[in-house]
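Working notes, beginning with the structure itself.
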């Protein structure tokens with residue numbers, strides 16, 4: 001132990017020497033939701049610094065895209081945000097359609113809206129479960145999964161997959177809706193209306209839950225925008241910005257829904273925004289089901305050879321702003337394909353907002369950002 | 001702000017910028033010296049107010065000997081978007097950082113550094129982000145070869 | 001009781017049938033009134049008095065081990081069934097009828113696991129820690145009154161003894177946390193130390209209030225005093241408050257959710273037992289389950305009348321140990337209920353709860369009980 005400086009009397013502070021230390025959370029850790037690694041510098045339980053280390057599941061999807069022709073690239077997007085793969089599928093096909101100037105049949109657009117919203121529901125339900133699990137409430141996990149199962153089962157009948165759907169095609173969707181789709185979606189809508197209320201009753205008012213989320217990990221609106229956050233993370237901070245409204249695509253302008261926002265930007269606001277989004281998704285689904293037109297579900301696509309140039313399009317996945325940028329040289333393969341994913345930007349604010357909190361709060365904050373690691377690493 | 005108006009404002013701020021209103025999003029290509037002042041202007045000017053870093057990436061052009069950094073910016077207040085491009089010399093790629101203007105660009109730039117080898121000067125924490133620290137080469141460059149990769153690139 | 005090593009000399013009017021009937025109805029009287037004197041008489045001529053007592057203690061230990069094993073098996077199954085009940089699941093239902101043999105399967109699995117010791121671990125301490133955990137639990141079990149006269153021993157200072165030894169459990173957790181040479185384990189161990197030291201206080205004060213009210217330090221004495229009415233209501237409002245404090249703080253003292261910070265799965269992977277495997281790991285689990293039982297049993301003893309029947313139901317002549325196990329079982333269910341419905345509190349909130357809420361409250365409670373007793377409201 002260091003001896004105290006000779007010119008002053010030893011004090012309790014000198015006698016009790018503390019030391020900072022590092023803890024390595026991940027890449028295998030129950031609450032990093034995959035293979036994220038956080039190196040934390042700690043003083044006791046207090047977090048002084050968080051350094052995320054990414055790339056444990058980096059597959060270089062962007063480079064692989066340069067190998068394959070456009071229609072073959074859809075399945076790569078499934079492997080990014082695998083919890084809302086319908087939206088990531090869509091983000092990709094949307095930009096190629098824009099590049100081709102392709103008009104997608106209206107029925108296909110409605111189908112896309114519906115499956116994307118269903119996917120948002122399943123993704124948020126699963127997030128609800130996982131977040132409660134992060135906070136130590138093990139039972140709520142099963143409630144989230146119970147509802148998610150309905151959606152996943154529906155997708156299984158629709159496209160044969162439960163997770164990596166590969167359902168969207170350039171120009172439409174791969175298969176038409178099954179006959180039981182509409183009644184099942186109505187059933188899901190009813191179930192979710194009840195379920196979200198149940199979630200609220202179960203968790204929202206719980207004293208411990210409120211203590212663990214309120215005022216924790218506050219992300220100011222300016223920072224949220226500056227970090228390029230999107231989706232519920234951005235809206236939780238009070239920024240009313242939803243690409244479905246503010247950069248409208250597909251048939252969203254014809255559908256009525258609200259964009260819920262938080263007021264303080266803490267974990268609890270992000271939680272509330274997601275629950276409210278689930279209610280709004282149910283609204284969208286009901287309207288879309290009403291308006292669903294007949295006709296073709298796939299455009300007549302000859303050859304996918306976008307003209308030379310650069311294209312960017314984005315849409316709102318369950319996690320936020322997903323953008324796809326690609327450079328075409330006029331061939332059948334992209335020259336450069338860039339996926340700007342929501343989780344990458346959402347996670348980038350973690351080091352800033354988790355400083356000064358306890359280890360348990362970092363878990364809470366990370367959970368409230370709702371990251372999917374393959375979406376970050378690509 | 002309309003597309004033409006926007007690009008006029010960019011030219012006013014940076015006369016050396018080559019603007020193009022034809023593509024899907026308005027584009028401005030600026031030389032490296034003018035890049036940083038223009039970006040500061042885009043962020044600070046209340047009429048432009050580009051506060052949201054939509055995306056940032058790079059494209060490798062071996063024939064031209066350049067790596068083009070591509071910035072997609074959006075404005076929350078005005079709803080307009082712009083693409084700013086800046087060429088880095090492929091032999092010695094260096095571009096000034098904008099991570100202090102848009103914090104989100106900190107990780108975007110790290111990714112470009114990692115996969116393209118573009119050095120962002122004055123970046124606070126320029127380390128590899130995806131690959132291991134001892135990785136050799138920059139996988140998204142067109143001339144990157146790896147024995148583990150099969151097939152033929154574009 | 002297991003057969004004695006030396007031939008028993010039956011008392012003059014010994015009839016096996018009557019004895020067994022007595023054993024079922026009033027095991028306390030049968031064992032301490034018939035068996036123990038018979039054993040003493042049989043062993044007396046062969047051994048010095050201390051040797052006789054040692055043999056009796058050994059027999060008690062064997063009996064207790066049997067009890068612990070059976071209780072732990074029942075509790076593991078009960079926990080999984082209760083958890084399933086809270087989580088819309090069925091729980092274990094494959095091994096044996098209604099999954100009743102599941103604990104056996106678990107034990108067999110754990111026995112087969114490799115017993116790993118990290119290379120950097122402090123080997124002797126690491127190996128010893130699980131046994132310490134068990135030892136602490138056994139020590140409390142020694143004074144638990146299962147029925148009238150049915151306890152391993154009835155100390156005059158039983159309550160003081162319980163308060164003293166129940167804190168020993170922390171030693172094992174500290175040892176495990178320290179010796180594992182793992183930061184997660186260390187954090188878990190230190191959390192546990194802080195937690196148990198804090199949460200010793202309010203239960204002790206509550207126990208003190210019960211002692212004050214009953215006028216005895218003997219656990220059996222406290223139960224005897226509740227013949228007229230359980231402390232829960234005999235102590236007036238202080239009884240209810242005291243029991244709630246005791247149950248809350250007791251849950252915290254045994255590191256059960258929502259106070260399971262030392263093993264907080266989503267923060268510290270598994271906390272102090274991260275590095276343990278196989279039987280050593282299961283020793284900790286066993287200790288945890290037994291501690292849960294002990295806290296439940298003590299709550300039942302101190303506030304719910306222990307083996308005393310409920311007022312008018314005394315006419316039914318239900319054996320006392322059934323009352324005891326019934327009440328303890330109900331308390332065990334409540335503790336499990338806590339676990340499966342609450343999120344985990346944060347470490348500083350945990351301390352706030354004890355030092356700012358429970359401790360002042362238990363002081364007030366103590367004063368209240370003192371006044372209540374002084375006013376003669378017995």
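Label sites at residue C:125 and residue B:121, each approximated as a point 7 angstrom past Cα along Cα to Cβ, lie 5.4 nm apart. Centre-to-centre separation between the Cα atoms of the range A:36-98 and those of the range A:300-378: 6 Å.
Counting only other chain Cβ atoms within 10 Å of each residue's Cβ, the peptide A:326-337 averages 3. Sorting C:143, C:345 by the number of Cβ atoms found within 10 Å of their own Cβ, with the fewest placed first, yields C:143, C:345.
If we count other beta carbons within 10 Å of each Cβ, what is the order of A:124, B:123, fewest first? Display every interim value, and only then the final one.
Details: A:124 30, B:123 19.
Final ranking by Cβ density, sparse to dense: B:123, A:124.
Computed from the Kirkwood radius of its Cα pairs, the Stokes-Einstein diffusion coefficient for chain C at 10 °C and 1.306 mPa s stands at 72 µm²/s. The relative contact order of the range A:88-180 comes to 34 percent, based on Cα pairs under 8 Å that sit 6 or more residues apart.
Comparing C:153, C:251, C:301 in a Gaussian network model of chain C where C-alpha atoms under 10 Å apart are linked, the largest mean-square fluctuation is found at C:153. Given a Förster radius of 25 Å and the C-beta distance between residue C:244 and residue C:351 as r, what FRET efficiency does 1/(1 + (r/R0)^6) yield to the nearest 0.05? The formula returns an efficiency of 0.85 here.
Rounded to the nearest 10 degrees, the angle from helix A:85-100 to the longest Cα principal axis of chain A is 50 degrees. Taking the Cα atoms only, what angle lies between the long axis of helix A:138-159 and the longest principal axis of chain A, rounded to 10 degrees? The angle comes out at about 20 degrees.
Each part reduced to its alpha carbon centroid, the range B:85-105 and the range A:101-159 end up 38 Å apart. Is chain B rounded, prolate or oblate when judged by the Cα gyration tensor, a ≥ b ≥ c being the square roots of its eigenvalues, rounded requiring a/c under 1.5 and prolate requiring a/b larger than b/c? The shape class here is prolate.
Can you tell me the length gained on complete extension of the stretch residue A:103 to residue A:161, counting 0.36 nm per residue apart and subtracting the Cα distance? Mind showing how you got there, number by number?
Details: separation 58, 0.36 × 58 = 20.88 nm, distance 2.68 nm.
Net length gain for the segment: 18.2 nm.
For the range B:3-93, the relative contact order is 25 percent, taking Cα pairs closer than 8 Å that sit 6 or more residues apart in sequence and dividing their mean separation by the residue count.
Can you sort C:248, A:46 by how many other beta carbons sit within 10 Å, fewest first? Before the final figure, lay out the partial values.
Working: C:248 21, A:46 15.
Ordered from fewest to most neighbouring Cβ atoms within 10 Å, C:248, A:46 come out as A:46, C:248.
Size check on the range B:3-93: the Cα extents along the three principal axes, sorted descending, read 38, 24, 24 Å.
On average, how many beta carbons from a partner chain sit within 10 Å of the beta carbon of a residue in A:304-317? Walk me through the intermediate numbers first.
Numbers: counts 0, 0, 0, 0, 0, 3, 9, 3, 9, 2, 5, 0, 0, 0.
Counting Cβ atoms of other protein chains within 10 Å of each residue's Cβ and averaging gives 2.
Scaled against the 2.2 N^0.38 Å expected of a compact globular protein of N residues, the Cα radius of gyration of the range A:228-367 reads 1.30.
By how many nm would the segment from residue C:20 to residue C:135 grow when fully extended, if each residue of separation counts as 0.36 nm and the alpha-carbon distance is taken off?
Length difference between fully extended and current span is 38.2 nm.
To the nearest 500 deg cm²/dmol, what mean residue ellipticity at 222 nm is calculated for chain C from DSSP H runs of n ≥ 4 alone, each contributing -39,500 (n - 2.57), summed and divided by the residues?
Details: 17 runs with 238 residues, N = 378.
One gets -20500 deg cm²/dmol as the mean residue ellipticity at 222 nm.
Computed with the Debye formula from one identical point scatterer per Cα of the range A:11-120, without solvent, the log10 of I(q)/I(0) at q = 0.10 Å⁻¹ comes to -0.52.
Against the empirical 2.2 N^0.38 Å scaling, what ratio does the C-alpha Rg of the protein assembly as shown come to? Walk me through the numbers on the way to the answer.
On the way: Rg = 34.0 Å, N = 910, 2.2 N^0.38 = 29.3 Å.
Here the Cα radius of gyration is 1.16 times the empirical estimate.
Extension gain, residue C:212-residue C:277: 0.36 nm per intervening residue step, less the Cα-Cα distance, totals 18.9 nm.
Coordinate range of the alpha-carbon atoms in the range C:34-152 per principal axis, descending: 59, 43, 22 Å.
Enter the angle in degrees (range 0 to 90, nearest 10) between the Cα long axis of helix A:181-199 and the first principal axis of the Cα atoms of chain A, meaning the one along which they spread out most. It is inclined by approximately 20 degrees.
Distance between the modelled labels on residue B:47 and residue A:22, one decimal in nanometres: 5.0 nm (7 Å Cα→Cβ projection).
Spin-label model, residue B:61/residue C:112: points 7 Å from Cα along the beta carbon direction are separated by 6.4 nm. Its alpha carbons considered, the range A:21-375 gives a radius of gyration followed by a Dmax of 20.0, 64 Å.
FYI, it's all coordinate maths here, none of it is from the lab. What you see is a predicted model; the values in this text were computed from it and never measured. Neighbour counts are summed over all protein chains in view; Cβ atoms, including those assigned to glycine, are modelled from backbone coordinates with ideal geometry.
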